[in-house]
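Take a look at the structure below.
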Amino acid sequence: MSEVRPQRWVLTWAGLLSWAAIGLPFFLIWRDQLRSRPGAFLVASAVAYALFGIAYILATTHSRFSQGFGRRLFLLAVETVSALVMVYSLRTGFEGIFLVIVAAQLVYCMPIRVALLWAGLQSAALAAIFLNGNVSVGGVVYILAYVGFQSFALYTGYVAERESRQRIELARLNAELRSTQELLGESSRLAERTRISRDLHDVLGHHLTALSLALEVASHRTEGPGRDDVERARSLTRLLLADVRGVVSQFRENDSIDLVPALRALAEGIVSPAIRIEIGPDVRIANPAVAEALLRIAQEAVTNAVKHSKAPTLSLSLATSNGEIVFSARDDGLGAARPPRGHGLQGIGERVAEHQGRMLIDTKPGGGFGLEIRIPQPSEGTG
């Protein structure tokens with residue numbers, strides 16, 4: 001699933017339709033002005049029109065050419081300059097629509113204050129080019145109209161973007177809550193299994209052992225037909241004791257936490273990015289504290305992908321290797337030149353250090369963000 005949000009697809013198609021629709025009157029104007037206007041003006045307007053469409057498509061469809069804040073600003077600048085070139089070359093009165101299209105994109109790329117400044121500067125440039133020192137009522141009305149259209153586009157985009165962010169944040173928090181509930185349920189089941197196995201071993205097992213010893217003593221003191229009955233009772237006691245020990249052993253073998261339900265609950269609640277989960281068949285986590293740490297690390301990886309990386313997909317995997325539990329998370333988002341210094345990674349590092357583990361980070365601009373956690377697995381019979 002693409003990381004482009006639904007209202008951004010609406011923005012993309014609305015802008016493309018506007019760009020294409022204005023192309024028809026532009027073509028007619030170019031045809032009518034072939035003899036009256038210098039060819040350079042018409043060529044410049046045609047090139048600007050094409051550049052605007054290309055930059056707009058790259059910016060709004062989030063291709064790899066628009067990955068990174070600097071590239072997005074460059075594409076927006078290309079759109080703005082192209083629109084102003086068309087204003088200067090044609091002066092038909094339609095060109096201001098392109099600046100409205102630019103204004104609608106600003107809030108998705110920058111803070112609202114910077115977006116207002118950008119819109120203000122391109123409106124000032126529009127006034128300077130269109131009026132060209134000749135202030136008239138019609139010209140002023142034209143400028144004010146497009147300032148109003150840009151303000152409306154900015155406000156509409158700002159409200160839609162804020163609502164989208166709040167909805168995504170709510171979905172993320174709900175997914176974290178569901179995954180935590182799954183882990184708590186799994187921890188409770190593990191604690192109950194442990195308690196039952198301990199009670200079977202310590203209470204029933206000891207009583208059966210004592211009963212078996214008592215029957216053995218009784219078999220030595222009993223003669224005749226009664227001894228056969230004692231021996232049968234003793235055999236049944238040994239058989240029952242073996243069954244109890246088998247049940248206890250089975251409980252002990254399954255004495256681990258399954259993180260799959262918690263991770264799936266986390267993934268199902270996130271709309272974007274699409275989360276892929278891969279868990280090895282031999283993964284056993286006996287320590288609830290380790291399971292909780294791994295779940296919190298997974299939640300932080302999802303938070304980073306949702307809020308910062310703008311990644312279409314995020315892969316989470318859990319496996320065992322060389323006596324270690326290996327958790328890895330990798331997205332295909334923006335990446336960074338160096339690992340970010342934030343509370344999220346700091347918290348992950350603290351959790352890993354608490355369990356004597358290691359943390360490896362792999363990221364580069366445009367290459368996504370990768371995180372690998374290795375935590376020693378307790379040897380059999382310890383703890």
So for Ser136, Ser164, Ser89, fewest C-beta neighbours within 10 Å to most, what's the order?
-> Ser136, Ser164, Ser89
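About the Cα centre, and with charges only on the beta carbon of Lys, Arg (+1) and Asp, Glu (-1), how big is the dipole of region 287-348? Nearest 20 debye, please. Numbers along the way, then the final one.
Values: 6 positive and 5 negative charges, 56 e Å.
The dipole of region 287-348 has a size of about 280 debye.
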Mind jotting down the distance between the C-alpha centroids of region 66-139 and region 320-342, whole Å?
-> 40 Å
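I'd like to compare 356-362, 283-289: which one has the highest average count of other Cβ atoms within 10 Å, and what's the full order after that? Display every interim value, and only then the final one.
Numbers: 356-362: 14.4, 283-289: 17.0.
Ranked from most to least packed, the peptides come out as 283-289, 356-362.
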Taking neighbour Cβ counts within 10 Å as the exposure measure, how do Lys310, Lys364 sort from fewest upward?
-> Lys364, Lys310
Determine the dipole magnitude for region 41-166: charges of +1 sit on the beta-carbon of Lys and Arg, -1 on that of Asp and Glu, nothing else is charged, the reference point is the Cα centre, and the result goes in debye to the nearest 20.
-> 260 debye
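Based only on other Cβ atoms within 10 Å, what is the fewest-to-most ordering of Trp13, Trp19, Trp118? Before the final figure, lay out the partial values.
Details: Trp13 11, Trp19 17, Trp118 22.
In order of increasing Cβ crowding within 10 Å: Trp13, Trp19, Trp118.
What is the dipole size for region 257-376, taken about its Cα centre, with +1 at each Lys and Arg Cβ and -1 at each Asp and Glu Cβ, in debye to the nearest 20?
Dipole magnitude for region 257-376 comes out near 360 debye.
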How much net charge surrounds Ala48 when only the other residues with a Cβ under 11 Å from the Cβ of Ala48 are counted, with Lys and Arg +1 and Asp and Glu -1?
-> -2
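No value in this document is a laboratory result; all are computed from the given coordinates. Since the structure is predicted, the reported quantities are computational estimates derived from the model, not experimental observations. In this analysis, Cβ positions are derived from the backbone assuming ideal geometry, glycine residues included, and neighbour counts consider all displayed protein chains.
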